[in-house]
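Colleague: After the structure tokens below, expect a handful of questions from me.
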Amino acid sequence: MLVVVHLNPTVRFMSSPPSPVQDEKITVSQDVPVHEGKPHVVHFQYKVTEVKTSSWDAVLSNQSLFVEIPDGLLADGSKEGLSALLEFAEEKMKVNYVFICFRKSREDRAPLLKTFSFLGFEIVRPGHPSVPSRPDVMFMVYPLDQNSSSDEE
């Protein structure tokens, strides 16, 4: 079952099918898990222009969102799309952490580290309990402090 949620300040992210609300920039859909509380896939699409979108797939698990950076060059608008994803994760999904991961063997690993560090991500040390053991993959984390976020909605 696929649930579609369009970003709108009055919409909350839910695991039960909400009524879709139109928005111009971001569409978030999720594969509803078979068992409540189990990890599931969340799809983000950010409308960069009328004809161009930036897409990100993530896994939601234990109040953390895991985003795998696809191989190859990042598409135009990816930075804006990721920023919208982070905002949605914090404000609507109420996650505590957003993890990104990418292959250590990438030729553009150094620029990716610099870019994501600039956005506020920190490198996760291997063996961290919140990330799977994947020696070929580098993880970075963006902590979201839910205690200091405002309740204005």
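Colleague: Mind checking the per residue accessible area of the stretch 21-143 for me, 1.4 Å probe, whole number of Å²?
Modeller: In whole numbers, the stretch 21-143 has 58 Å² accessible per residue.
Colleague: Next up: Once the piece of chain linking Ser83 and Val59 is laid out straight, how much longer is it, given 0.36 nm per residue of separation minus the C-alpha distance between them?
Modeller: 6.9 nm
Colleague: Another question, then. In the stretch 21-143, what percent of the accessible surface is made up of carbon and sulfur (1.4 Å probe, ligands and nucleic acids excluded)?
Modeller: 52
Colleague: Order Glu50, Glu90, most accessible first, counting only protein heavy atoms with a 1.4 angstrom probe.
Modeller: Most to least solvent-accessible, the answer reads Glu50, Glu90.
Colleague: Starting from the stretch 50-133, pick out the trypsin sites (Lys or Arg not before Pro) whose DSSP state is loop and whose Cβ has at most 12 other Cβ atoms within 10 Å.
Modeller: Counting only loop positions with at most 12 other Cβ atoms within 10 Å, the trypsin sites (Lys or Arg not before Pro) in the stretch 50-133 are Lys52, Lys104.
Colleague: Right, here's the next one. As a test question: what accessible area, to the nearest 10 Å², does Asp145 have when a 1.4 Å probe is rolled over all protein chains in place?
Modeller: 90
Colleague: Follow-up question, since we're still on this one. Rounded, prolate or oblate: which fits the stretch 49-153, taking a ≥ b ≥ c as square roots of the Cα gyration tensor eigenvalues, rounded meaning a/c under 1.5, else prolate when a/b beats b/c?
Modeller: oblate
Colleague: Now for a separate question. Ordering Thr49, Thr27 from largest to smallest accessible area (1.4 angstrom probe), what's the sequence?
Modeller: These residues rank, largest area first, as Thr49, Thr27.
Colleague: Can you tell me the length gained on complete extension of the stretch Arg134 to Glu122, counting 0.36 nm per residue apart and subtracting the Cα distance?
Modeller: 2.6 nm
Colleague: Hey, which lysines would be in cross-link range of Lys114, C-alpha to C-alpha under 24 Å, not counting anything within fewer than 8 residues on its own chain?
Modeller: By straight Cα distance, Lys114 reaches Lys79, Lys104.
The values are calculated or read from the model by the stated rules, or taken from the named source; none is laboratory data. The model shown is predicted, which means the values in this text are computed figures rather than measured ones. Don't worry about glycine lacking a Cβ; one is built from the backbone with ideal geometry, like all the others, and counts go over all protein chains shown. Accessible surface is based on the protein model in full, side chains and every heavy atom, while ligands, DNA and RNA are left aside. Shrake-Rupley method; radii C 1.70, N 1.55, O 1.52, S 1.80 Å.
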